[in-house]
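The values are calculated or read from the model by the stated rules, or taken from the named source; none is laboratory data. These numbers were taken from a predicted model, which means no experiment stands behind them. Backbone-built Cβ (ideal geometry, glycine too); neighbour counts: all protein chains shown.
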Amino acid sequence: MIKGALSAAALVAGLSLTPVAAQAATVIGGATAIDLTATSTFNSLGYKVATYGTASAFKIGNDLVAAFLITGGSRNDTTGATIIDHAGSGLKFSLGGNTLSIGNFQIDTAAGLVRGSATANGFTLGDNLSLFNLGTGSVLTLTNEAAAAFQTTLGTAGLAGATIGTATPVAVFGPSGVPEPASWGLMIAGVGFVGASLRRRARSAARLAAA
């Protein structure tokens, strides 16, 4: 009987030491909108700002809003930490014949960073650079690495910590693999939802300014 009790205790101890795998949800689509609140600053610096790849852009007030299709990622359902990938799209900043392209954005909520690639006039600067700090309210500020790329390519110094805009991701979660037609519908709806939300925000700001 003592032997049986010891065996049971050993089994319980073994179970308590066995790590439990965190549940993860797969990101299968959606879209992220970045409201470039620094559009006026870019214009004053003489920058031309555009999207590339699968990204698209539209204007809300004075701000350029860029939409990026979500191409993958995952969410830890225990901690809520989320990785959101945006392969094949990005932003281009041009000045005086020079172009800095940053893209293939990966939002990492646990690290509070947006990573991605950067090229200067077609030459690769890096594929896994820390481009933006992700702050409260999804506010994006330039990292030291990104600021160095701006200075080297476009000649603008002192941009580290500068606020670029805010990110609004709308991710679709589901089983891994190619999204089914219903999921593609949700992705398209997500893009529309992001745009509508930003337009409502702009109208509210305009009403407050006029009051």
Every pair of residues 6+ apart whose Cβ atoms lie under 9 Å, when the first sits in segment 44-55 and is assigned to a loop (DSSP other than H, G, I, E, B) while the second is surrounded by 16 or more Cβ atoms within 10 Å (Cβ to Cβ) and among the β-branched types (Val, Ile, Thr): LEU45/THR156; TYR47/THR156; THR54/THR71
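For GLN106, state whether it is modelled with pLDDT under 95, in contact with an Asp or Glu (Cβ under 9 Å, 6 or more places away or on another chain), more than 18 Å from ALA162 (Cα to Cα) and not aromatic (Phe, Trp, Tyr).
In short, no.
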Looking only at segment 102-120, and only at residues there that are of a type in the set (Val, Ile, Thr) and surrounded by 19 or more Cβ atoms within 10 Å (Cβ to Cβ), the one that is farthest from THR32 (Cα to Cα): THR119
Close pairs from segment 128-142: first on the phi > 0 side of the Ramachandran plot, partner in a strand (DSSP E or B) and of a type outside the set (Val, Ile, Thr), Cβ under 8 Å, at least 6 apart: SER138/ALA167; SER138/PRO169
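Among the residues of segment 97-150, how many are among the acidic types (Asp, Glu) and not in a helix (DSSP H, G or I)?
Total satisfying the criteria: 2.
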